[in-house]
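Single-structure report; data block below.
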Amino acid sequence: QVQLVESGGGLVQPGGSLRLSCAASGSIFSINDMGWYRQAPGKQRELVATITSGGRTKYADSGKGRFSISRDNAKNTVYLQMNSLRPEDTAVYYCNADVIGFRDGFYRRNDYWGQGTQVTVSS
């Protein structure tokens with residue numbers, strides 16, 4: 001199958017920066033959209049940013065001007081550069097990928113999620 005492994009979370013002071021990474025591995029033929037979502041305690045999971053295979057990006061209003069999403073298609077990896085972090089950015093950040101897999105002679109399209117990485121913004 002396909003696995004998404006995130007890294008880069010941690011504790012940072014307000015105004016600081018973090019860079020999240022998410023690498024996809026497994027029986028991958030191609031990956032369409034990749035993205036980052038987050039879920040704060042007591043809240044629903046929400047979109048942070050997405051990027052198409054061609055590099056078109058979309059951001060939630062909360063991250064515009066502060067967050068930047070990018071990807072390396074050769075490495076099946078998506079990144080999220082987060083600058084000027086605020087306490088309200090504290091959440092578990094999840095990677096998502098729309099993957100076309102190839103296994104046993106068949107192509108299958110599935111949506112995959114990573115296990116999440118904690119980002120805490122606090123002084």
*Among GLY15, GLY63, which is over 14 Å from GLY116 (Cβ atoms) and open to solvent by less than 20 Å² (accessible area, probe 1.4 Å)?*
GLY63
*May I ask you to verify whether TYR93 is under 23 Å from GLN118 (Cβ atoms), open to solvent by 40 Å² or more (accessible area, probe 1.4 Å), part of a strand (DSSP E or B) and of a type in the set (Phe, Trp, Tyr)?*
no
*Check on SER30, surrounded by 14 or more Cβ atoms within 10 Å (Cβ to Cβ) and not in a strand (DSSP E or B)*: no
*Does the range 80-96 include one or more residues that are farther than 13 Å from LEU18 by Cβ and among the small types (Gly, Ala, Ser)?*
no
*Tally the residues that are open to solvent by 60 Å² or more (accessible area, probe 1.4 Å) and either β-branched (Val, Ile, Thr) or assigned to a strand (DSSP E or B) (or both), restricting the search to the range 69-80.*
0
_I need the full set of residues from the range 96-123 which are part of a strand (DSSP E or B) and open to solvent by 60 Å² or more (accessible area, probe 1.4 Å), in order please._
PHE102, ARG103, PHE106, TYR107, ARG108, ARG109, ASN110, ASP111, TRP113, GLN118
_the range 52-68, residues that are in contact with a Phe, Trp or Tyr (Cβ under 9 Å, 6 or more places away or on another chain) and in a strand (DSSP E or B)_ = TYR59, PHE67, SER68
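The values are calculated or read from the model by the stated rules, or taken from the named source; none is laboratory data. Values in this document were obtained by computation on a predicted structure and should not be read as measured data. Note that each Cβ is placed from the backbone with ideal geometry, even for glycine, and that neighbours are counted across all protein chains shown. Note: accessible area is taken over every heavy atom of the protein model, side chains too, but ligands, DNA and RNA are not part of it. Shrake-Rupley method; radii C 1.70, N 1.55, O 1.52, S 1.80 Å.
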